[in-house]
Structures are given as C-alpha cells and as structure tokens.
Amino acid sequence: MTRIHSAAVLGAGVMGAQIAAHLANAGLPVRLLDLTKDAADAGLAKLKKMQPAPLFLPEYASRIRTGSFDDLSALADTDWIIEAIVERLDVKQQLLARVDAVRAPHAIVSSNTSGISLAAIAEGRSAGFRAHWLGTHFFNPPRYLRLLELIPTADTNHAVVSAVRHFADHRSEEHTSELQSH
C-alpha cells in the first residue's frame, strides 16, 4: 500500500489552508502553495488567527512551508497533492497539467472540489496521473468535522483509494496517541 509521508495543498484560501493545518496536525510536513508566495504566507497567517483553531498546537504551523505555483518542482517528492483552488474547470486543468509534469509516479493527486466533474478536470492528463487521481472532499472546518468524502473516478487505482482511506482513518488517531504518550 502507498504510504503518505508528505503532502502539498494547492490553494491557500480558507479551505486549502485548513486542509494544510489538518495534515500538519496528523504529523505531515506540508507545502502550502498559491499564485504567489505572499498569498500563501497570507493564508498561513490567517490560519493562525482562525477560531476555532485549525491547528491542535500553534507550533504545528512550523510543519507548513509556503511557496508559489511558479515553482512546482518541490512536488516531485510529495506523496499526496491536494488541489483546493478556485472552482473553475479551466484553471484547475491548467494547474494540474503542470502538476502532472512534475509529480512522482507514486504521488496521489486529489481535488477538494464539490461541484466540478473529476473526470473533466483530469481530461488530457497522463494515464499514471488518472490512476492516482480522485476527489477528496473535506468538510469545513476539517479539524472539527471529521468527514472526508472519497470520490474515485473510473480510472482511479483501488490501491490509491485504500491508501487515502487508511491515512484518513488511522493517521490522525496514531499521531494523537503519540502525542498523549509524550
């Protein structure tokens, strides 16, 4: 089974930033990327001030590194890439075409969209991308609403769905147990 040891969230708006926080809470190093590094930094700054707090502990923010879409090369060693940008098909397709060019063959790529066809977003992507592509719809706020909808496409490899399901079902729980033992 694919193991998820690192993540990137594309889009530092309210939802993207909270997804990044949720993954940082689970112990992952996370890259939070947006159009500019300043936009990603602003998303992280807002995240730190939100109430209720998206982070278990304020210091978990240090697990989140910001950057811009100008340099996606950092995604080459990322296990799970989550798209959470504006709800426009053309914009999602353009960004994910760039992700497809740099992602590792094992990397899972998902979208937090709730209104655009996942098959349409993945149109034109490589077979490897489509096999690792699914919808992961987090409910807002992710830390408090423990709901994650997994939406495979006809091309999604079943092992990819299993890996995300296992992570979602167990990783937060395992990390919380580690914290309590210290």
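The values are calculated or read from the model by the stated rules, or taken from the named source; none is laboratory data. Just so we're clear, the structure is a prediction, and the values are computed from it rather than from any experiment. Positions of Cβ are generated from backbone atoms using ideal geometry, with glycine treated the same way; all protein chains shown enter the neighbour counts. Just so you know, the surface numbers come from the protein's heavy atoms only, side chains and all, with ligands and any DNA or RNA stripped out. Shrake-Rupley method; radii C 1.70, N 1.55, O 1.52, S 1.80 Å.
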So Tyr144 and His170, fully extended at 0.36 nm per residue minus their Cα-Cα distance, gain in nm 7.7 nm
For the chain, modelled as a GNM with alpha-carbon contacts under 10 angstrom, which of Gln94, Gln18, Gln51 fluctuates the most?
Gln51
Run the numbers on the chain and let me know its relative contact order in percent, using alpha-carbon pairs under 8 Å that are six or more apart.
22 percent
All aspartates and glutamates inside 13 Å of Lys48 as judged from Cα atoms, apart from same-chain residues fewer than 8 positions distant
Glu59
Under a cut-off of 19 Å between alpha-carbon atoms, report the aspartates and glutamates in cross-link reach of Lys92, not counting same-chain residues fewer than 8 places apart.
Asp34, Asp70, Asp71, Glu83, Asp100, Glu123, Asp155
Quick one: Karplus J couplings for segment 100-112, per residue in order, coefficients 6.51, -1.76, 1.60, θ = phi - 60°, nearest Hz, x for Gly and Pro?
4, 6, 10, 5, 5, x, 8, 5, 7, 10, 9, 10, 8
Taking alpha-carbon centroids only, segment 86-158 lies from segment 1-44 a number of Å equal to 15 Å
Can you give the angle from 0 to 90° between the axis of helix 172-181 and the longest principal axis of the chain, with both taken from C-alpha atoms, to the nearest 10?
20 degrees
What number does the chain give for Rg over Rh if you use C-alpha atoms and the Kirkwood radius?
0.94
So for each of 79-89, 7-17, 154-164 I average, over its residues, the number of other beta carbons within 10 Å; can you give me the resulting order with the highest mean first?
7-17, 79-89, 154-164
Using amide H atoms built in the peptide plane, which far-off residues or other-chain residues are under 5 Å from Leu32 H to H?
Val9, Arg65, Thr66, Gly67
Can you tell me how segment 1-102 classifies by the Cα gyration tensor, rounded, prolate or oblate, using a/c under 1.5 as the rounded cut?
oblate
With contacts defined as alpha carbon pairs under 8 Å and 6 or more residues apart, what's the relative contact order of segment 102-163 in percent?
32 percent
Running a GNM on the chain with Cα contacts under 10 Å, which residue among Pro152, Pro29, Pro105 ends up with the highest mean-square fluctuation?
Pro105
Per residue, how much accessible surface does the chain expose to a 1.4 Å probe? Answer in Å², no decimals.
48 Å²
At 1.306 mPa s and 10 °C, plugging the Kirkwood radius over alpha-carbon pairs of segment 71-167 into Stokes-Einstein gives what diffusion coefficient in µm²/s?
118 µm²/s
